[in-house]
1. Could you state the per residue volume, in Å³, of the convex hull enclosing the Cα atoms of the stretch 40-86?
2. Can you tell me which of Ile47, Ile13, Ile71 moves the most in a GNM of the chain? Springs connect C-alpha atoms under 10 Å apart.
3. Quick one: how many Å² of Glu3 are accessible to a 1.4 Å probe, rounded to 10?
4. Sequence gap at least 6, Cα distance under 8 Å: using those rules, report the relative contact order of the chain to the nearest whole percent.
5. Net charge within 14 Å of Leu49 by Cβ-Cβ distance, Lys/Arg positive one each and Asp/Glu negative one each, not counting Leu49 itself?
6. Considering only protein heavy atoms, with the full assembly of protein chains and a 1.4 angstrom probe, order Thr22, Thr55 by accessible area, largest first.
7. Quick one: net charge around Ala78, please, counting Lys, Arg +1 and Asp, Glu -1 for every other residue with C-beta under 15 Å from its C-beta.
8. Starting from the alpha-carbon convex hull of the chain, give the projected area averaged over all orientations, in nm².
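The values are calculated or read from the model by the stated rules, or taken from the named source; none is laboratory data. Computed from a prediction, not measured in an experiment: that's the story for all the values here. Glycine also receives a Cβ, built like all others from the backbone with ideal geometry; neighbour counts cover every protein chain displayed. The accessibility values were calculated without ligands, DNA or RNA, using every heavy atom of the protein model including side chains. Shrake-Rupley method; radii C 1.70, N 1.55, O 1.52, S 1.80 Å.
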Amino acid sequence: QYERAIQSYDEAIRLDPENAKTYNKRGVVRANLGQYERAIQSYDEAIRLDPEYATAYYNRGNAFEALGNSIKAEQDLAKAKELGVS
């Protein structure tokens, strides 16, 4: 039911566009669908809204890794660790 989940997160974002957690969760669903570039877009927005959002950096790092971009993956995973994700 990933597509329904994305629709629900899109609606939640429409209602509350400043909620970084919703963008992050939508990114997780997109990553589960293998839509890593679109997932990264969602994580980017979560991080823009909350630059200290460690989980979003972690998730984005994993998406970059899935795309084979190890440099950006390492940067994000290091930032996530710095912010408290182990």
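1. 54 Å³
2. Comparing Ile47, Ile13, Ile71 in the GNM, the peak value goes to Ile71.
3. Surface open to solvent at Glu3 totals about 110 Å².
4. Numbers: 110 pairs, mean separation 18.9, N = 86.
RCO, the chain: 22 percent.
5. With Lys, Arg at +1 and Asp, Glu at -1, the neighbours total -1.
6. Numbers: Thr22 15, Thr55 60 Å².
Solvent-accessible surface, decreasing: Thr55, Thr22.
7. Residues near Ala78 contribute -1 overall.
8. Taking a quarter of the hull surface, the average projection is 5.0 nm².
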